[in-house]
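**Student:** Structure in structure tokens, see below.
The values are calculated or read from the model by the stated rules, or taken from the named source; none is laboratory data. What you see is a predicted model, and the numbers here were worked out from it, not measured in a lab. Neighbour counts run over all protein chains shown; Cβ positions are idealised from the backbone, glycine included.
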Amino acid sequence: MSTKARIVFCPPDSVLIKHGHIIDPSHNIDFVGDILVIDGKVETTGKSVRASSDTLIPVVDASGLIVCPGFIDLHCHLREPGFEDKETIATGARAAAAGGFTTVCCMPNTNPPIDSRSVVNLILEKAAQSGGARVLPIGCVSKGRKGEELAEMAELAEAGVVAFSDDGSPVSRATLMRHALEYSRSFGLPVMNHCEDLELSRGGVMNEGRISILLGLRGSPAAAEESMVARDIALLRLTGGRLHLAHISTRGSVELIRQAKEHGLPVTAEATPHHLTLTEDRVAGHRQNSRTALDSNAYDTNAKVSPPLRTSEDVEALIDGVRTGVIDAIATDHAPHATVDKTGEFDSAALGISGLETALASLLGLVRQDRLDVNTLILRLTSGPARVLGASAAGSAALKPGATADITVFDPDREWTVLPEALLSKGKNTPLTGQKMKGKVMLTLVGGRVVYKDEAVRPESPDPRK
């Protein structure tokens, strides 16, 4: 067991983290040293920091660990209200903290959906009691997520939503999307669209291509995503609103976003850890090299996700988009399900991957492969999503003095095995079951308060000389 981290006494909201590799790319901070948190705020950082001699502050020895701003997840599903058998706000917020996320934005495909002030209030009240990551609700674009009539966007904005989306239902009607983007100018909040032409994707359960033909499964083509990305960018040009494109998965989408940004359009985009690290081959699980069709019960339903896992060429384009800033943020699209939802034939299994607790380790694999550097990875998990939301919603995602002390401490070398029963999320649906991972969150602070600590971080007697 790792002994890199130890904590001495734990009064709330104040801590001295020593000897860590402190990285905050948004402020060009990258050195080994200390960070002092007082009353939930970053007090100071430096090569060697001491607390006031008359103050007993808990101390974390972060030797060999990376200390960075807390991760922000723009896109996750906490299921409550209505689907508490899959996840609750409390279990999701605690799983998020275990994954290093200090802020998560929950999508409105709940029952009832987040299309009224009362549901927003319920979520905020539940979140305040969760003891985990900060939870920010995303309101519906349309009433009931039916895609027919705009939701009361002004009321939702006043109630505290940070964006609007009908995820996982695309806003299919162009006129409705146009009006939503026009209203987004007034509120300064982004419209996050799930880009999928439902006519093109109808019946598709994985990426359309050679593998879907080999496996005998109906595919959803890349064009189903790309055609709606192109439409939304055209509407953005027309309206001047705020557009954020959710879980981008194809090379063509990356190129469309690149061109839009080169023309100065205010579009932002996200990609998920699974679309950055897994391909369509994963659908066949351990038998992915088979040259013959398999019985559909043999396929890995935990690899069934929307949008589907794509080709290796798409993955490389997404990584390049993250590296160059065409893709602004990495978001989990955490989609927990009960075991029964993922049991049975592939065609009828639910869509989604439970990803909050495996995100960091999956992404660090790209760092070890020299396909992404750790500073860029941290940037896309912190200040990138913060800029999408705006500072008023997510804070500064920074380690500068005066910033809210949302801090993640992780061990890039800690090895562990993905065991569904050990996940804090109710959702055990991960295609990474049994896989050995490298990289583990050790400590997560929200406003200076410890909301997660690894079992290797053990309390000791306070030492006033620290």
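**Student:** Whether any residue in the range 48-65 is outside any strand (DSSP E or B), in contact with a His (Cβ under 9 Å, 6 or more places away or on another chain), in contact (Cβ under 8 Å) with a residue 12 or more places away in the chain and surrounded by fewer than 19 Cβ atoms within 10 Å (Cβ to Cβ) is what I want to check.
**Tutor:** Yes, some residue in the range 48-65 is outside any strand (DSSP E or B), in contact with a His (Cβ under 9 Å, 6 or more places away or on another chain), in contact (Cβ under 8 Å) with a residue 12 or more places away in the chain and surrounded by fewer than 19 Cβ atoms within 10 Å (Cβ to Cβ).
**Student:** Starting from the range 243-266, keep only residues that are more than 16 Å from residue 331 (Cβ to Cβ), then list their pairs with residues that are surrounded by fewer than 18 Cβ atoms within 10 Å (Cβ to Cβ) and among the aromatic types (Phe, Trp, Tyr) whose Cβ atoms are within a distance under 9 Å, requiring at least 6 positions of separation or different chains.
**Tutor:** That search, which allows pairs on different chains as well, returns nothing.
**Student:** Return the only residue of 98, 93, 127 being of a type in the set (A, V, I, L, M, F, W, C) and either touching a Ser or Thr at 6+ places or on another chain (Cβ under 6 Å) or assigned by TED's automatic domain parsing to the domain that holds residue 421 (or both).
**Tutor:** Selected residue: 93, the only one of 98, 93, 127 that is of a type in the set (A, V, I, L, M, F, W, C) and either touching a Ser or Thr at 6+ places or on another chain (Cβ under 6 Å) or assigned by TED's automatic domain parsing to the domain that holds residue 421 (or both).
**Student:** Further question: The conditions are (1) modelled with pLDDT under 95; (2) closer than 18 Å to residue 101 by Cβ; (3) among the hydrophobic types (A, V, I, L, M, F, W, C), and residue 379 fails exactly one of them. Which is it?
**Tutor:** (1)
One line per residue, one yes/no per condition, for (1) in contact (Cβ under 8 Å) with a residue 40 or more places away in the chain; (2) not small (Gly, Ala, Ser):
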| site | (1), (2) |
| --- | --- |
| 306 | yes, no |
| 317 | yes, no |
| 326 | yes, yes |
| 331 | yes, no |
| 339 | yes, yes |
| 345 | yes, yes |
| 348 | no, no |
| 351 | yes, yes |
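**Student:** Can you list the helices (runs of 4 or more DSSP H) lying wholly within the range 169-253 that have 2 or more residues being over 19 Å from residue 145 (Cβ atoms) and touching a helix residue (DSSP H, G or I) at 6+ places or on another chain (Cβ under 8 Å)?
**Tutor:** Once the helices (runs of 4 or more DSSP H) in the range 169-253 are filtered for at least 2 residues that are over 19 Å from residue 145 (Cβ atoms) and touching a helix residue (DSSP H, G or I) at 6+ places or on another chain (Cβ under 8 Å), what remains is 174-187, 210-215, 222-239.
**Student:** In the range 254-277, which residues are assigned to a loop (DSSP other than H, G, I, E, B) and surrounded by fewer than 24 Cβ atoms within 10 Å (Cβ to Cβ)?
**Tutor:** If the condition is that a residue be assigned to a loop (DSSP other than H, G, I, E, B) and surrounded by fewer than 24 Cβ atoms within 10 Å (Cβ to Cβ), then 263, 264, 265, 266 are the ones that fit.
**Student:** Inside the range 392-444, can you point out the residues that are at positive phi, in contact with a helix residue (DSSP H, G or I) (Cβ under 6 Å, 6 or more places away or on another chain) and at pLDDT below 95?
**Tutor:** Within the range 392-444, just 397 meets the criteria.
**Student:** Moving on to the next point. Here are 194, 179: which of them is over 21 Å from residue 75 (Cβ atoms), assigned by TED's automatic domain parsing to the domain that holds residue 114 and either surrounded by 15 or more Cβ atoms within 10 Å (Cβ to Cβ) or of a type in the set (Gly, Ala, Ser) (or both)?
**Tutor:** Exactly one of 194, 179 is over 21 Å from residue 75 (Cβ atoms), assigned by TED's automatic domain parsing to the domain that holds residue 114 and either surrounded by 15 or more Cβ atoms within 10 Å (Cβ to Cβ) or of a type in the set (Gly, Ala, Ser) (or both), namely 179.
**Student:** Counting only residues that are β-branched (Val, Ile, Thr) and outside the structural domain of residue 415 (by TED's automatic domain parsing), give me the helices (runs of 4 or more DSSP H) lying completely in the range 300-389 with at least 2 of them.
**Tutor:** 312-324, 374-381
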